[in-house]
Amino acid sequence: MKPRGRSGAQGPRIGEIRLPGLESGDPADLTREARIDGLAFEGVECGQLDLTGSVVMECSLTDVGADEADLRSAKLRDSLLTRVRFPSLRAGRGDWRDVRVEGARIGSAEMYDIGWNSVHFVDCKLTYLNLRGATLRDVAFTRCSIEELDLAGASAQNVAFSGSTVQSLDVQRAELGAFDLRGAELHRLTGLDRLGGTVVSSAQLYQLAPLLAAGLGMTVDDSAPPEIR
């Protein structure tokens, strides 16, 4: 069991990952429905990376690039993904626990119905992150750039954004708890009626005011009311 640290009293609990003494892995080991344990992969380039249904435990992937990466139904445990490059990533219905993703460049990430527990994205750039129907527990995004984040129908507890930009956020039908947006720069938000359970700063609340008013059917008009004669 790894020790867990807290970034704040109610922040995500992120497990510290230590991977000493890993053996070098053969790229041929990166196959679907494989069990990969205690290996380090570095500098792998391929057209397609297929880990469908695999179990990856205590592994590191560094400078790994693939035009298409398929991790559907894969289980990741106690692993590090550093500077991975995936223009297209499919990881729906997977299960990730104690995973750190750092310096990644990901285009379209289809990760619907996935389970994340103690997952940390650091210095990552993601164009589209589809987490529809996902279950997120203790998840952090630090200094990340996300163009579109889709959490429709997801359950997200203890999730935080620090120094991150989210161009578009969709939380329709989502269940949010301790969902801390104070460190995020938001531009578009869908699902205003699901914001219960979120934490925002006073500046963000001011920015959200026009959207909240529109969602309630209010008209904001600073002109003088007409005179009644």
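Computed from the coordinates by the stated procedures, all read-outs in this text should not be read as laboratory data. None of the values given here were measured: they were computed from a predicted structure. Neighbour counts are summed over all protein chains in view; Cβ atoms, including those assigned to glycine, are modelled from backbone coordinates with ideal geometry.
For the stretch 169-185, give me the residue count where each residue is assigned to a strand (DSSP E or B), within 22 Å of Gly115 (Cα to Cα) and among the small types (Gly, Ala, Ser).
Step one: list which residues in the stretch 169-185 are assigned to a strand (DSSP E or B), which gives 169-170, 175-185.
Then keep just the ones that are within 22 Å of Gly115 (Cα to Cα); that gives 169-170, 175-181.
Those left that are additionally among the small types (Gly, Ala, Ser): 177-178.
Final tally of qualifying residues: 2.
Restricting to the stretch 153-169, what's the tally of residues that are of a type outside the set (S, T, N, Q), closer than 14 Å to Leu186 by Cα and crowded, with 18+ Cβ neighbours inside 10 Å?
Of the residues in the stretch 153-169, 4 are of a type outside the set (S, T, N, Q), closer than 14 Å to Leu186 by Cα and crowded, with 18+ Cβ neighbours inside 10 Å.
Can you find, within the stretch 22-36, the residue that is surrounded by the fewest Cβ atoms within 10 Å (Cβ to Cβ) among those that are outside any loop (DSSP other than H, G, I, E, B) and acidic (Asp, Glu)?
The first filter runs over the stretch 22-36 and keeps only residues outside any loop (DSSP other than H, G, I, E, B), leaving 23-24, 27-29, 35-36.
Retained after the next criterion (residues that are acidic (Asp, Glu)): 23, 29.
Working: Glu23: 9, Asp29: 13.
Per the criteria, the residue is Glu23.
Suppose the filter is closer than 23 Å to Leu71 by Cα, touching a Ser or Thr at 6+ places or on another chain (Cβ under 9 Å), in a strand (DSSP E or B) and among the small types (Gly, Ala, Ser); does Ala156 pass it?
yes
Working only within the stretch 186-229, note down all residues that are without any contact (Cβ under 8 Å) to a residue 12 or more places away in the chain, among the polar types (S, T, N, Q) and either more than 24 Å from Gly163 (Cα to Cα) or in a loop (DSSP other than H, G, I, E, B) (or both). Working first, answer last.
Restricting attention to the stretch 186-229, the residues satisfying the condition of being without any contact (Cβ under 8 Å) to a residue 12 or more places away in the chain are 202-203, 205-206, 209-210, 213-214, 216-229.
Checking which are among the polar types (S, T, N, Q) leaves us with 202, 219, 223.
Selection gives Thr219, Ser223.
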